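Following: one structure in structure tokens, then a few remarks.
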Amino acid sequence: MLIAQISDTHIRPQGVLAMGRVDTSGHLARAVTHINALRPPPDVVLLTGDLVDAGMAEEYAHLRDLLAPLAMPVHLIPGNHDLRAPLRAAFAAHRYLQEGEFLQYVIERRPLRLIALDTLTPGQPHGELCAQRLDWLEARLAESDRPTIIFMHHPPFECGLKEFDDARLNVGAERLAAIVRQHPNVERILCGHVHRPIQVRFAGTIASVAPSTAHQATLDLMPDAPLMFSMEPPAVALHQWRPGTGLVTHLSYIGEYDGPHPF
């Protein structure tokens, strides 16, 4: 099984640049073309939040049109830039988004079980997993010991970038860790939010962050570093389930580069 993860697409209305500089729509269109050209093709695409930039209905409509050419199923979760109601309205055909207060769901019919968590705190940059959301997760994990991926927007760990550490999963991270430790079948926790590729050990598994399909957070680990972005190469995280090995992750960079050449 091959999973393509893209994150932090930050789509604006058609013709509008994010922060007045970044053509996030053009970047996502190139990402879609890149994913469709991958061989073997991914079985599923996961979008780990900050789907649009301002939670506007026209942004979600534009996002829907940009994702339409993907040849494989797409599963969405919200980030802190998203709003649940217009997301649900724009993606009404995605039945998994239409039930319950939170946008949490399970994808069962694959070699890996996929569990989506909603970490959105409306109006706030940080993430939250309240008791209701964590009770739901605990119940879902108790249902099966199959290999499982949890995917969510906000990382439950510090990464060394101060502005993002201040706005990580600030509520519920400790209980999340306690729940995950009880379930060694959790292969990975996939996150977004930070606009950089990051990996860390967390609660007996691995937590990782995928880069953005557009702009990346500037890598500055100084404790007083301001939040900046750079136009480093965007990428897709590819997670391949290999029986006998487990989940293997690659970064597939989007763009035209010299090669391939034989070694």
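The values are calculated or read from the model by the stated rules, or taken from the named source; none is laboratory data. Keep in mind it's a predicted model, so treat the numbers as computed, not measured. Glycine gets a Cβ as well: all are built from the backbone with ideal geometry, and neighbour counts include every protein chain shown.
Quick notes
- Qualifying positions in the range 1-25 - over 13 Å from residue 212 (Cβ atoms) and either β-branched (Val, Ile, Thr) or more than 19 Å from the chain's Cα centre (by Cα) (or both): 3, 13, 14, 15, 16, 17, 20, 21
- Every listed requirement among (1) under 24 Å from residue 253 (Cβ atoms); (2) part of a loop (DSSP other than H, G, I, E, B) is met by residue 6 save one, (2).
- Highlighted here are the helices (runs of 4 or more DSSP H) found entirely within the range 11-116 that include at least 2 residues which are among the polar types (S, T, N, Q): 24-37.
- Options 91, 157, 164, 151: the member that is over 25 Å from residue 182 (Cβ atoms), within 16 Å of the chain's Cα centre (by Cα), at pLDDT 95 or above and buried (at least 18 other Cβ atoms within 10 Å of the Cβ): 164
- Qualifying residues in the range 35-66 (those that are closer than 18 Å to residue 192 by Cα and touching a helix residue (DSSP H, G or I) at 6+ places or on another chain (Cβ under 9 Å)) - the one surrounded by the fewest Cβ atoms within 10 Å (Cβ to Cβ): 55
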